[in-house]
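See below for the structure under consideration.
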Amino acid sequence: MTTDTATATAGPARPPYRPSAAPAARFRHLLAAEWIKLWSLRSTALVLTAGALTTLGICVNAARVNADRLAQQAELPPEPPGGKPALPQMLYDPLGAAYVSPAWALLMITVAALGASVIFGEYTSGLIRTTFAAVPDRRAVVAAKVTVVTGVTLVLGAAVSGGCFGVTQAILRDHHGMSLDGPGALRAVTASALMLPLCALIGMAVGALIRHTAGAVVTVIGLLILVPQFFSGEQYRWVAEIGNAMPLTAWDRLILNPARDYDLGKYPVTVTEAWCVYGAWAGVAVVVAVLVVGRRDV
């Protein structure tokens, strides 16, 4: 009698506790995580700001030097017939002042090194193990990294490119400075803005292949700066074609002023080919980063 009463009072047995599986991380969550990781280091903002201001400062200085020189020429008395001019006549391109190659090359290397650090930084710190433990889908992780880095560097590129063009042409306004609807101006601004995310993607691919700081930076410098110089000759067509397929050569072609009669060489790259170089390098860089990170051990 007592046993039956106890059984009736206890009621049916409860099922064993089974913890529910954690919901899969959505892509917006991965974007938020990569955004936090990118800006968690103070060096990110510091390096990008320093690179942007340095590039802008060099281009502005070039424009001021050109403006001063042109003003000096305008103040000289007329040259007598058959006489020697006091100063050699200066021929300049306003777009050349907006996009000084050494300054922009420095910014390209800076952005590419940042892109590489986004990949190899997690490997060297060991954080990549935690990332893949939380999100086993490696392709989604790389896609989030690519999206965040591309977005940040695109905004940076647009700001620096537009700033360099606007400020330098304002300085040169009394010396045939260009407006955005001038020949080749919009193309130069767009090409320079897109060059930074392109370099960042190349850096990410290099960082996935070479998980070492010094090795990745040296490789980035070689790909972006040194290789185009090695293949800049015109004696052999295949040498020139390799040089034409490099991002820096494509950028140099896209920022040229079509109103000027430049010597493009024996085997010039066309504007269409230059844009194709941009697209090809960006696509290959993303594929390399996704495949290498997805297949190599951590």
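Computed over protein heavy atoms with a 1.4 Å probe, the carbon and sulfur contribution to the accessible area of region 250-298 reaches 59%.
Which of the GluC sites (Glu not before Pro) found in region 212-298 are in a DSSP loop and have at most 16 neighbouring Cβ atoms, other than their own, within 10 Å?
Numbers: sites: 234, 241, 273; in loops: 234.
In loop regions of region 212-298 (DSSP not H, G, I, E or B), the sparsely surrounded GluC sites (Glu not before Pro) are 234.
What the phi angles of region 50-64 give under the Karplus curve with 6.51, -1.76 and 1.60, with θ = phi - 60°, is a coupling list of 5, x, 5, 5, 5, 4, 4, x, 5, 5, 5, 4, 4, 5, 5 Hz, glycine and proline written as x. Net charge in the neighbourhood of residue 291 (other residues with Cβ under 13 Å of its Cβ; Lys, Arg +1, Asp, Glu -1) is +4. A 1.4 Å probe run over the protein chains yields, for region 164-298, 49 Å² of accessible area per residue, whole-number rounding.
The values are calculated or read from the model by the stated rules, or taken from the named source; none is laboratory data. Computed from a predicted model, the values in this text were never measured in an experiment. We place every Cβ from the backbone using ideal geometry, glycine too, and count neighbours over all the protein chains shown. Please note that ligands, DNA and RNA were not included when accessible areas were found on the heavy atoms of the full protein model with its side chains. Shrake-Rupley method; radii C 1.70, N 1.55, O 1.52, S 1.80 Å.
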